[in-house]
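Undergrad: Once you've had a glance at the structure underneath, I'll fire off some questions.
The values are calculated or read from the model by the stated rules, or taken from the named source; none is laboratory data. In this text the structure is predicted, and so the values were computed from the model without any measurement. Here the Cβ positions follow ideal geometry from the backbone for every residue, glycine too, while neighbour counts run over all protein chains shown. Heads up: the accessible areas ignore ligands, DNA and RNA and are worked out on the full protein's heavy atoms, side chains in. Shrake-Rupley method; radii C 1.70, N 1.55, O 1.52, S 1.80 Å.
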Amino acid sequence: MVSYTQNELLSITDFTKSISKILGNLKEHSLEKVGILKNNKLEAVVISTQEYERLKQIEKAKKEAEEKAK
């Protein structure tokens with residue numbers, strides 16, 4: 001399970017109020033991820049474009065390795 005620090009969890013209201021600053025922090029890597037809460041439940045996670053692309057490359061490599069193993 002993924003863990004979050006206090007500054008990585010925001011209500012949807014606080015997220016929308018601070019979206020520009022949050023996106024800047026993600027881009028500068030001062031934040032790794034931001035969990036968005038709705039009614040105190042984690043509903044979504046925002047990551048940088050660079051991190052998303054890295055995860056997609058890992059996923060692609062894993063799929064290719066699984067296909068070769070067949």
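Undergrad: Checking K70 against (1) surrounded by fewer than 11 Cβ atoms within 10 Å (Cβ to Cβ); (2) within 20 Å of V2 (Cβ to Cβ): exactly one of these is not met. Which one?
TA: For K70, the exception is condition (2).
Undergrad: Also, quick follow-up: In segment 21-67, which residue that is over 19 Å from Q6 (Cα atoms) and polar (S, T, N, Q) is modelled with the highest pLDDT?
TA: Q57
Undergrad: What residue, among those in segment 48-67 that are under 13 Å from the mean Cα position of the chain (by Cα) and assigned to a helix (DSSP H, G or I), is surrounded by the most Cβ atoms within 10 Å (Cβ to Cβ)?
TA: E51
Undergrad: Residue check: is S11 in contact with a helix residue (DSSP H, G or I) (Cβ under 6 Å, 6 or more places away or on another chain) and either surrounded by 11 or more Cβ atoms within 10 Å (Cβ to Cβ) or modelled with pLDDT of 95 or more (or both)?
TA: no
Undergrad: Mind checking which pairs have a first residue in segment 46-70 that is under 29 Å from L9 (Cα atoms) and of a type in the set (G, A, S) and a second that is modelled with pLDDT under 95 and open to solvent by 100 Å² or more (accessible area, probe 1.4 Å), Cβ under 8 Å, 6 or more apart or different chains?
TA: Within 8 Å, the pairs are S48/K27; S48/H29.
Undergrad: Which numbered condition trips up L26, out of (1) of a type in the set (A, V, I, L, M); (2) open to solvent by 100 Å² or more (accessible area, probe 1.4 Å); (3) assigned to a helix (DSSP H, G or I)?
TA: (2)
Undergrad: Restricting the first residue to segment 1-13 and requiring it to be part of a loop (DSSP other than H, G, I, E, B), which pairs with a second residue that is of a type in the set (G, A, S) and loosely packed, with under 10 Cβ neighbours inside 10 Å meet a Cβ separation below 9 Å and a spacing of at least six or different chains?
TA: none
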